[in-house]
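Engineer: Structure incoming, see below.
The values are calculated or read from the model by the stated rules, or taken from the named source; none is laboratory data. Because the structure is a prediction, the values reported are computed rather than measured. As a convention, Cβ positions derive from the backbone with ideal geometry for all residues, glycine included, and neighbour counts pool all protein chains shown. Side chains are part of the model used for accessible areas, which takes the heavy atoms of the whole protein and leaves out ligands, DNA and RNA. Shrake-Rupley method; radii C 1.70, N 1.55, O 1.52, S 1.80 Å.
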Amino acid sequence: MTIVLIVGMFSLVAGALLAWRPIEMARLVGHFGMVKSDAGRTTEYRTAGMVMAALGLILSAIALFA
């Protein structure tokens with residue numbers, strides 16, 4: 001369960017940062033060649049960040065209360 005908690009917390013933080021600052025985070029990840037930064041896709045990045053944060057919250061809750 002420790003691994004689930006770690007993955008959940010990482011997803012929660014990364015998703016929250018992506019939802020809060022979508023273009024800056026896409027640029028940061030773009031330095032590693034994973035995604036291209038596109039100012040026109042702000043809504044998509046923000047939605048993906050919210051979904052990622054929600055999944056991280058669910059995983060963290062499962063790890064803490066199971």
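Engineer: Name the residue that is farthest from the chain's Cα centre (by Cα), counting only residues in the stretch 37-66 that are open to solvent by 80 Å² or more (accessible area, probe 1.4 Å) and farther than 15 Å from residue 3 by Cα.
Structural biologist: Kept after step one, since they are open to solvent by 80 Å² or more (accessible area, probe 1.4 Å), are these residues of the stretch 37-66: 41, 43-44, 46, 50-51, 55, 57-58, 62, 64-66.
Filter once more, keeping what is farther than 15 Å from residue 3 by Cα: 41, 43-44, 46, 50-51.
Numbers: 41: 16, 43: 14, 44: 12, 46: 9, 50: 7, 51: 8 Å.
Filtering the stretch 37-66 for residues that are open to solvent by 80 Å² or more (accessible area, probe 1.4 Å) and farther than 15 Å from residue 3 by Cα, the one farthest from the chain's Cα centre (by Cα) comes out as 41.
Engineer: Of all residues being loosely packed, with under 14 Cβ neighbours inside 10 Å and modelled with pLDDT of 85 or more in the stretch 11-36, which is farthest from residue 1 (Cα to Cα)? Just the residue, please.
Structural biologist: So, considering only residues that are loosely packed, with under 14 Cβ neighbours inside 10 Å and modelled with pLDDT of 85 or more, the one farthest from residue 1 (Cα to Cα) is 20.
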